Amino acid sequence: MTTENENQTSAPAPAPTGPGGFVPRGPRPGGFVPRGPRPGGFGGGDNAEGGQDGGRPGAPRRPRRGAPKDRFAPRRKVCQFCVDKIKEVDYKDFQRLRRYLSDRGKIEPRRKTGTCARHQRSMTVAIKRARFLALLPYVADRGR
């Protein structure tokens, strides 16, 4: 038993046309072939002059973001309170506490000063007490 669809001959489908009657045909020899991201992480293919896409023609490849290990390697910061074997930070020692304030009078973060978490918490309370007693400033002096 045959159906109507099998008996009919199929005519070729009309070619899809784009704007202006343009008929897309597939990649031509020597034409642009899209590529995915490259392992270097700097975009698509190379330009004809050797530079990277989006850069200057003939420009060398940019170095990776990380600096070489031997240049400007930051030393591991050590908690000065632990080195001096101070258990609890004293608010009356304002000379020591002044080192942990910025030029604007703000408390410096741990990542900048290198203090451990326990002493950072204790130092914050001591700085606030010293501020209350006017041993340390709340804000920087306005030099005009």
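Please treat every number below as a calculation from the coordinates, not as lab data. These numbers were taken from a predicted model, which means no experiment stands behind them. Neighbour counts run over all protein chains shown; Cβ positions are idealised from the backbone, glycine included.
Each label was represented as a point 7 Å from its Cα along the Cα-to-Cβ direction; for Cys82 and Val125 these points are 2.0 nm apart.
Here's the list of lysines a cross-link from Lys106 could span, going by alpha-carbon distance under 29 Å and ignoring same-chain residues fewer than 8 apart: Lys77, Lys85, Lys87, Lys92, Lys128.
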